[in-house]
Ligand code: DGL
């Protein structure tokens, strides 16, 4: 048995957004064991200064690194934009972000090279998507727009569909006139709202999430490094662990609904006090 391959994959985000990536990792790599951290208590990261986002990301990485990990996914665009290179330097395991995979997916899907990017203030200010897209295809036109109202909406579980629709419509209004063929959901929270976003943008605009491409890249890296878990066992006994710094009940509700699977959420104050909520 290869002991390295039995280690877990760490996934982190400022909150529930990274679950959109975790879901795809679980779908593409069902034998793998996931450790997820959502920093719900300090969410949103979007309006924060880069130095603060870097500090928070490092704290989470320190926490997750107490467990045996074989790879880490920064499933947060805001953190990827400012902290990916720093974390890569510090860990000696593969570390993936979500911006490059999202940009690759958009270039693959875009028919006329008119690509919109929506994200947090931090991600849009960093121009990380614009750089990633242009480095693959300098000829594409990129239209970027920050949507700060969408993360709180997703974190709240958007209980009122009418209000949710209005918030999404107002947030996307400036993108409607850009004649886009595709729109990058440049925040991992946004796929949770993709029904509303699709409704507002219309069927001619393809919605691009980095989740699928990030999971594919992870799978390729683990394969090349001989780190895919090949143990033949019952898939049902694989138990992922979900940690949040915030309210575990709210996180639990959203996570169980999105992943469509019973799970437990543990509260962590980053000094390691755990409170368990069983689903
Ligand atoms: N889900 C995150 C992202 O992809 C962060 C959202 C936030 O905390 O503002 O950017």
Task: Conditions (1) without any contact (Cβ under 8 Å) to a residue 40 or more places away in the chain; (2) farther than 25 Å from residue 250 by Cα: number failed by residue 52 - done: (2)
Open item on the list: Testing residue 124 on (1) within 14 Å of the ligand (Cβ to nearest atom); (2) in contact with a helix residue (DSSP H, G or I) (Cβ under 6 Å, 6 or more places away or on another chain), one condition comes back false. Which one is that?
Closed with: (2)
Task: Filtered residues of segment 154-183 (kept if modelled with pLDDT of 95 or more and within 16 Å of the ligand (Cβ to nearest atom)) - done: 167, 168, 171, 183
- [ ] Filter segment 184-206 down to residues that are within 15 Å of the ligand (Cβ to nearest atom) and not in a helix (DSSP H, G or I), then give me how many there are.
- [x] 6
Open item on the list: If residue 230 satisfies all but one of (1) in contact with a helix residue (DSSP H, G or I) (Cβ under 8 Å, 6 or more places away or on another chain); (2) within 16 Å of the ligand (Cβ to nearest atom), what's the number of the condition it fails?
Closed with: (2)
TODO: Filter segment 85-101 down to residues that are touching a strand residue (DSSP E or B) at 6+ places or on another chain (Cβ under 6 Å) and buried (at least 19 other Cβ atoms within 10 Å of the Cβ), then give me how many there are.
DONE: 5
TODO: Being free of Cβ contacts under 8 Å to residues at least 24 places away in the same chain and in a loop (DSSP other than H, G, I, E, B) is the filter; apply it to segment 109-155 and report the residue that is surrounded by the fewest Cβ atoms within 10 Å (Cβ to Cβ).
DONE: 138
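The values are calculated or read from the model by the stated rules, or taken from the named source; none is laboratory data. The shown structure was predicted, so the numbers you read here are calculated from the model rather than taken from an experiment. Cβ coordinates were reconstructed from backbone atoms using ideal geometry, including for glycine residues, and neighbour counts include every protein chain displayed.
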